[in-house]
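The values are calculated or read from the model by the stated rules, or taken from the named source; none is laboratory data. From a predicted model like this one, the values you see are computed outputs, not experimental measurements. When we count neighbours, we look across all protein chains shown, and the Cβ atoms used for this are built from the backbone with ideal geometry, even at glycine.
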Amino acid sequence: MATTNTKHHSSPSFIFLLFLPLVLLQFNLGKGDDLQLNYYSQSCPNAEEIIKQEVTKLYDKHGNTAVSWIRNLFHDCMVKSCDASLLLETVKGIESEQASPRSFGMRNFKYVNTIKAAVEKECPMTVSCADIVSLSARDGIVMLGGPSMEMKTGRRDSKESYATVVEDYLPDHNDSLSLALYRFQSIGIDVEGTVALLGAHSVGRVHCINLVDRLYPTVDPTLDPKYADYLKGRCPTPDPNPTAVLYARNDRETPMILDNMYYKNLLGHKGLLTVDQQLASDPTTSSYVENFAADNGYFHDQFARAVLLLSENNPLTGEQGEIRKDCRYVNSA
């Protein structure tokens, strides 16, 4: 990272680093040992095919949904558990995780219920919203030209939201690289896997409010000057209106293809976020950036490995949680 927002190196961050291992221990993070391939083979044999069909139909109508499915997986599974807590709306004492600043710019939640409704029609109260989050991400990755993968299922849905601790678990766009790596390693994803997961920034967009620190009052010297000019054209003010849809594409060459162009851009000093660009300059991660930039197939292999690790973070299984009828509300709501 070339420039650093000093507030992320203040004592609260240091204290967080000291106590995070205790927090993680408290919640007994697991690796999905109770999940299995083809979990619904008897109870709902067509479940995965129905989800794939719905993901495909939604992609054909709204291509950006595929990016949303990846982001849903990241935001849901990083915060304590892959349990669809992210999807809960604010109602009857539940505060939605979607209201967190970390969720800024997320969208298409309503279409998760489109998928859920199709599955419910076939197999009522059988397939969890948590599995829909994971499987839609898996299928969305393929829609974006990424790798296909076999994914275990059997997750159950949380009965609670973790809104009060979202910022303790999810990396921020201006986190130091060391803190970002620490957050991923805390759930069992190694450095190479973390660098691969950040390759999801190959698709989608970043809102200007998350970029302006690198442009104003002075341009981050690690940015390619011509690229900085482009970004200033996209984000012409240092204080953008958060409600305005001002953004820059993560990758201008192949903006809706999940490929290794992200890493090539980093090597060309065209990383959008601070943590992106530091991947290419930090000796802990730079060799992985170079390897992924040189070999798209290798990037896909490592991306798939990391996605599966993420999708198996501390799931609720067995009699834990519930199977929600509507992904927005716990069954008692």
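Could you tell me which numbered condition K159 fails, if it satisfies all but one of (1) in the same structural domain as A248 (by TED's automatic domain parsing); (2) surrounded by fewer than 20 Cβ atoms within 10 Å (Cβ to Cβ); (3) assigned to a loop (DSSP other than H, G, I, E, B)?
So K159 meets the others, but not (1).
Here is a yes/no grid of residues against (1) among the β-branched types (V, I, T); (2) within 21 Å of G204 (Cβ to Cβ); (3) buried (at least 19 other Cβ atoms within 10 Å of the Cβ):
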| site | (1), (2), (3) |
| --- | --- |
| E97 | no, yes, yes |
| C123 | no, no, no |
| V127 | yes, no, yes |
| L135 | no, yes, yes |
| K152 | no, no, yes |
| D168 | no, no, no |
| F184 | no, yes, yes |
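In the range 82-114, how many residues are among the aliphatic types (A, V, I, L, M), farther than 13 Å from R328 by Cβ and in contact (Cβ under 8 Å) with a residue 60 or more places away in the chain?
Selection size over the range 82-114: 1.
Determine, yes or no, whether L35 is surrounded by fewer than 22 Cβ atoms within 10 Å (Cβ to Cβ) and closer than 25 Å to G188 by Cα.
yes
Output the residues belonging to the range 194-227 that are free of Cβ contacts under 8 Å to residues at least 40 places away in the same chain and either touching a helix residue (DSSP H, G or I) at 6+ places or on another chain (Cβ under 8 Å) or not aliphatic (A, V, I, L, M) (or both).
Result: L215, Y216, P217, T218, V219, P225, K226.
Of everything in the range 304-325, what is among the aliphatic types (A, V, I, L, M) and over 21 Å from G146 (Cα atoms)? Give them in sequence order.
L316, I323
Keeping to the range 47-64, report how many residues are more than 22 Å from P255 (Cα to Cα) and surrounded by fewer than 14 Cβ atoms within 10 Å (Cβ to Cβ).
Total meeting the criteria: 1.
Kindly indicate the residue of the range 132-149 that is among the aliphatic types (A, V, I, L, M) and assigned to a helix (DSSP H, G or I) and also nearest to the chain's Cα centre (by Cα) among those meeting that condition.
If we take residues in the range 132-149 being among the aliphatic types (A, V, I, L, M) and assigned to a helix (DSSP H, G or I), then A137 is nearest to the chain's Cα centre (by Cα).
Looking at the range 211-218, can you tell me whether even one residue there is within 19 Å of the chain's Cα centre (by Cα) and among the aliphatic types (A, V, I, L, M)?
yes
So if I check each of L197, L223, L211, which one is assigned by TED's automatic domain parsing to the domain that holds T254 and under 18 Å from C82 (Cα atoms)?
After applying the criteria, what remains is L197.
Counting residues that are closer than 15 Å to V289 by Cβ and of a type outside the set (A, V, I, L, M), which helices (runs of 4 or more DSSP H) fully inside the range 165-210 reach at least 2?
Because the criterion is at least 2 residues that are closer than 15 Å to V289 by Cβ and of a type outside the set (A, V, I, L, M), the helices (runs of 4 or more DSSP H) in the range 165-210 that meet it are 191-197.
Testing G105 on (1) touching a strand residue (DSSP E or B) at 6+ places or on another chain (Cβ under 7 Å); (2) more than 27 Å from H62 (Cβ to Cβ); (3) surrounded by fewer than 23 Cβ atoms within 10 Å (Cβ to Cβ), one condition comes back false. Which one is that?
(2)
Exactly one of these conditions fails for Q320: (1) out of contact with any strand residue (DSSP E or B) (no Cβ under 9 Å at 6 or more places or on another chain); (2) farther than 25 Å from N64 by Cβ. Give me its number.
Only one criterion is unmet by Q320, namely (1).
Can you pull out the residues in the range 77-131 that are under 16 Å from V165 (Cβ atoms) and not in a loop (DSSP other than H, G, I, E, B)?
C77, M78, S85, L86, I94, E97, Q98, A99, P101, R102, S103
Out of all the residues in the range 279-322, which are among the hydrophobic types (A, V, I, L, M, F, W, C) and either part of a loop (DSSP other than H, G, I, E, B) or over 22 Å from the mean Cα position of the chain (by Cα) (or both)?
A294
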